[in-house]
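Trainee: Below is a structure I'd like to ask you about.
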Amino acid sequence: TGDGHLFVLWRLQGAIPTLVDALAEKLGDARLRPKAQGDLVTYGMTDDPPKFLPNVSARLSADSIEGDRDTALEVATAALTSAPGASWPLVLNVFQHDPGLGREIFERVASGDTDLGSDLDDEALHRLLDWLMENFPANTDSPQADGFITQRMQAARARDRLLLILAERGTDPAIAAIETLAAKYPGPGMTRLRSQAREARLGRSTAPTE
């Protein structure tokens, strides 16, 4: 199957019950170009994440990344975009072992519409933010110039938005995460987030119960 046939396969999903299995197997075809593999992952992780995860994992192993970095970039980006919660442990492993590739992945994801704040729990969001604050430190953010927004700027905006989401959850794990991040990455912004997190917890504790 060539790259141009992926849309046809997508449309046939309702007619062929085993299509997801076939596409999961196809993901291991080294002849497919990186973009085509990313398209397969987008479809598979949207339709049936558990079935696709083993194949995604294989494409994101250390050996696979070393042998085909472009495919790893496409696969990881597609997986995190399509199924953040399911793919997060695999993508986190990539982030930790290859920060350079991780930065490329996150910049791509941040430039899209993926809502990581809704799909990651407190612990996962804490780990992501810890990595983001180390790899996209606020003191290296660039100011916007003439309306042009770079991927790096998008990543910084996503980082700050996720920090606010975590702080506003008001749960005990979220509060602890913000306190830990504020101690590790001190600054005026983190001081404000600590206050917001405490206010959010207070709001949760005083909210009327049904």
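The values are calculated or read from the model by the stated rules, or taken from the named source; none is laboratory data. Here the structure is a predicted model, which is why all the values come from computation and not from measurement. Because the Cβ atoms are built from the backbone with ideal geometry, glycine has one as well, and the counts that use them run over all protein chains shown. Heavy atoms of the whole protein, side chains included, go into the accessibility calculation; ligands, DNA and RNA do not. Shrake-Rupley method; radii C 1.70, N 1.55, O 1.52, S 1.80 Å.
Trainee: Could you please find all residues in the range 64-87 being in contact with a Leu (Cβ under 6 Å, 6 or more places away or on another chain) and either aromatic (Phe, Trp, Tyr) or farther than 15 Å from GLY38 by Cβ (or both)?
Mentor: Residue satisfying the conditions is PRO84 alone.
Trainee: Would the range 127-138 turn up any residue that is in a helix (DSSP H, G or I), small (Gly, Ala, Ser) and open to solvent by 80 Å² or more (accessible area, probe 1.4 Å)?
Mentor: At the first step, the residues of the range 127-138 found to be in a helix (DSSP H, G or I) are 127-135, 138.
When the remaining residues are screened for being small (Gly, Ala, Ser), the result is 138.
Retained after the next criterion (residues that are open to solvent by 80 Å² or more (accessible area, probe 1.4 Å)): none.
The answer is no, given that none of the residues of the range 127-138 is in a helix (DSSP H, G or I), small (Gly, Ala, Ser) and open to solvent by 80 Å² or more (accessible area, probe 1.4 Å).
Trainee: Please state which of the following conditions ASP172 fails to meet, knowing it meets all the rest: (1) farther than 19 Å from SER111 by Cβ; (2) surrounded by 13 or more Cβ atoms within 10 Å (Cβ to Cβ); (3) touching an Asp or Glu at 6+ places or on another chain (Cβ under 9 Å).
Mentor: Among (1) farther than 19 Å from SER111 by Cβ; (2) surrounded by 13 or more Cβ atoms within 10 Å (Cβ to Cβ); (3) touching an Asp or Glu at 6+ places or on another chain (Cβ under 9 Å), ASP172 violates only (2).
Trainee: Inspect all residues belonging to the range 51-64 and state whether any of them is crowded, with 22+ Cβ neighbours inside 10 Å, among the aromatic types (Phe, Trp, Tyr) and in contact (Cβ under 8 Å) with a residue 40 or more places away in the chain.
Mentor: No - not one qualifying residue is present in the range 51-64.
Trainee: When you go through ASP141, ASP130, ASP119 one by one, which is the residue that is touching a residue at least 40 places away in the same chain (Cβ under 8 Å) and either closer than 30 Å to PRO188 by Cβ or hydroxyl-bearing (Ser, Thr, Tyr) (or both)?
Mentor: When all the criteria are applied, what remains is ASP130.
Trainee: Now, a different point. What are the residues in the range 65-97 that are open to solvent by 30 Å² or more (accessible area, probe 1.4 Å), over 14 Å from the mean Cα position of the chain (by Cα) and hydroxyl-bearing (Ser, Thr, Tyr), if any?
Mentor: Listed by number, the list is empty, since nothing qualifies.
Trainee: Looking at LEU162 and the list (1) assigned to a helix (DSSP H, G or I); (2) modelled with pLDDT under 95; (3) surrounded by 14 or more Cβ atoms within 10 Å (Cβ to Cβ), which single condition is not satisfied?
Mentor: (2)
Trainee: Can you tell me which of THR191, THR150 is hydroxyl-bearing (Ser, Thr, Tyr) and either under 30 Å from SER82 (Cβ atoms) or crowded, with 16+ Cβ neighbours inside 10 Å (or both)?
Mentor: THR150
Trainee: Then there is this: Taking the criterion of being crowded, with 19+ Cβ neighbours inside 10 Å and assigned to a loop (DSSP other than H, G, I, E, B), would at least one residue in the range 114-123 satisfy it?
Mentor: For the range 114-123, residues crowded, with 19+ Cβ neighbours inside 10 Å and assigned to a loop (DSSP other than H, G, I, E, B): present.
Trainee: Does the range 29-50 hold any residues that are open to solvent by less than 50 Å² (accessible area, probe 1.4 Å) and outside any helix (DSSP H, G or I), and which are they?
Mentor: Here is the first cut: in the range 29-50, the residues open to solvent by less than 50 Å² (accessible area, probe 1.4 Å) are 29, 32, 34, 36-38, 40-45, 48-49.
Result: ASP29, LEU32, ASP48.
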